Amino acid sequence: MCSNVQSKIPILEFSKENLNPGTNSSLSISHSVRGALESYGCFIAVYEKFTSDLHDEMFKSAKELFDLPMEAKVKNKSNFAGSGYGGNFSTMPLFEYLGIENGANLEATKNFTNIMWPDGNDSFCGTAHSYCKLLLELDHTVIQMVANSYELENFYNSFIESSFYLTRFMKYRVPKEDEINIGLLPHTDKNFMSIIHTNHVRGLEIETRAGEWIDLQPSPSTFLVIAGEPMMAWSNGRIHAPLHRVVIRGKEEKYSIGNFSLINGTVQVPEKLVNGENQLKFKPFSHPAFLEYCKQGGPTMESAIKSFSGI
Ligand SMILES: O=C(O)CCC(=O)C(=O)O
Ligand SMILES: [Fe+2]
């Protein structure tokens, strides 16, 4: 059963006023971010800095990217799971993706563009780079708010020092007759935190703690922020890592872009989040080793972090 009452998922305004550090409104939104992540494992961020022109340009460029011949797309190679090129999956035939590692770095975006278009494509490169930078900024803002709300002064800096990012362009084609309409199988994210942006086509669905599937209504300036299993473990189980999936119910192709944060090192529950009522639930773990572990069970492996580092 799927409901489209997306108002159940908190919608938070990231306006200039709300983001002014040290103000009451910035502290109040920090607590709302934490509350949403603890109750739902996700929230919708309305990001004022993000213009609908950039949305339109980025999704036009994403279509141009997927319209390239297969010989070009498979040249985007990576050893990193979920990066490089992926498509033609037997269980998810509609799904195709291309990843850029650290796309907010101009060299990385240029490199990707030159692999895809050996004669260059300045328009794609410029748009993708501006876009990745804004997503990175939003990611850092959310992390700062989570740190503020838990009163963990050092967390933000240590996160920035050890995090790296994957920007993934994703396409879901329309199913052929007699083909399943599953775009992406239900899964919890294995990266730390994800920010998902989508074109106007619906299809991304999130499961609430009560087991109800919510269908998200896309809009140009809204982003879905989702906690992954490592973030849940870092918070000692306070933050929820929700199941989500993509289902293509209509007759239009869906494009989405995700910014996925990862930690190049150890994830450890801060001491402040362990007390009499909240005994330590997760041992420190290496995020890269956790990703290796998940390769065995595939991306749909449930509660992988509990079997990997749970106490
Ligand atoms: O494309 C989407 O809307 C969701 C993508 C997603 O959940 C993922 O890549 O982990
Ligand atoms: Fe996901």
> Out of all the residues in segment 104-152, which are polar (S, T, N, Q) and in contact with a strand residue (DSSP E or B) (Cβ under 8 Å, 6 or more places away or on another chain)?
Replying inline: Thr109, Thr141
> Just wondering, is there one or more residues in segment 226-248 that are charged (D, E, K, R), touching a strand residue (DSSP E or B) at 6+ places or on another chain (Cβ under 9 Å) and touching a residue at least 12 places away in the same chain (Cβ under 8 Å)?
Replying inline: yes
>> I'd like to verify a number: residues in segment 260-307 that are of a type in the set (D, E, K, R) and either at positive phi or surrounded by 15 or more Cβ atoms within 10 Å (Cβ to Cβ) (or both), how many?
In response: 2
> Just checking, how many residues over segment 17-30 are loosely packed, with under 13 Cβ neighbours inside 10 Å and closer than 17 Å to Tyr47 by Cα?
Replying inline: 4
> Taking segment 231-275 on its own, how many of its residues are in contact with a helix residue (DSSP H, G or I) (Cβ under 7 Å, 6 or more places away or on another chain), among the hydroxyl-bearing types (Ser, Thr, Tyr) and within 16 Å of ligand 2 (Cβ to nearest atom)?
Replying inline: 2
>> Among the residues of segment 190-204, what is the count of those that are under 15 Å from the mean Cα position of the chain (by Cα), near ligand 1 (Cβ under 9 Å from one of its atoms) and either farther than 25 Å from Arg238 by Cα or not in a loop (DSSP other than H, G, I, E, B) (or both)?
In response: 5
>> Being among the basic types (Lys, Arg), within 13 Å of ligand 1 (Cβ to nearest atom) and modelled with pLDDT of 95 or more is the requirement here; does Arg245 meet it?
In response: yes
> How many residues are more than 17 Å from Thr300 (Cβ to Cβ) and of a type outside the set (A, V, I, L, M, F, W, C) when one looks only at segment 224-243?
Replying inline: 5
> Does Arg209 fit the bill of being in contact (Cβ under 8 Å) with a residue 24 or more places away in the chain, part of a loop (DSSP other than H, G, I, E, B) and farther than 28 Å from Lys60 by Cβ?
Replying inline: yes
> out of contact with any Leu (no Cβ under 8 Å at 6 or more places or on another chain), more than 25 Å from Pro230 (Cα to Cα), surrounded by fewer than 14 Cβ atoms within 10 Å (Cβ to Cβ) and polar (S, T, N, Q) - does that describe any residue in segment 45-64?
Replying inline: yes
> Can you name the condition, by its number, that Phe155 falls short on among (1) within 24 Å of Gly87 (Cα to Cα); (2) surrounded by 14 or more Cβ atoms within 10 Å (Cβ to Cβ)?
Replying inline: (1)
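Results for (1) surrounded by fewer than 24 Cβ atoms within 10 Å (Cβ to Cβ); (2) under 16 Å from Pro10 (Cβ atoms); (3) of a type in the set (Gly, Ala, Ser), shown as yes or no for each residue.
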| site | (1), (2), (3) |
| --- | --- |
| Pro186 | yes, no, no |
| Ile195 | yes, yes, no |
| Asn199 | yes, no, no |
| Glu207 | yes, yes, no |
| Glu212 | yes, yes, no |
| Leu216 | yes, yes, no |
| Pro220 | yes, no, no |
| Phe223 | no, yes, no |
| Pro230 | no, no, no |
> What number of residues within segment 163-189 satisfy the criterion of being of a type outside the set (A, V, I, L, M, F, W, C), within 22 Å of Gly103 (Cβ to Cβ) and either part of a strand (DSSP E or B) or more than 13 Å from ligand 2 (Cβ to nearest atom) (or both)?
Replying inline: 6
> Can you name every residue in segment 226-246 that is part of a strand (DSSP E or B) and either under 27 Å from Gln279 (Cα atoms) or in contact with a His (Cβ under 8 Å, 6 or more places away or on another chain) (or both)?
Replying inline: Ile226, Ala227, His244, Arg245
>> Just checking, does segment 165-176 include any residue being in contact with a Gly (Cβ under 7 Å, 6 or more places away or on another chain), of a type in the set (S, T, N, Q) and more than 10 Å from ligand 1 (Cβ to nearest atom)?
In response: yes
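The values are calculated or read from the model by the stated rules, or taken from the named source; none is laboratory data. All figures in this text were calculated on a predicted structure; none of them were measured in a lab. With ideal geometry, Cβ positions are generated from the backbone for all residues, glycine too; neighbour counts draw on all protein chains shown.
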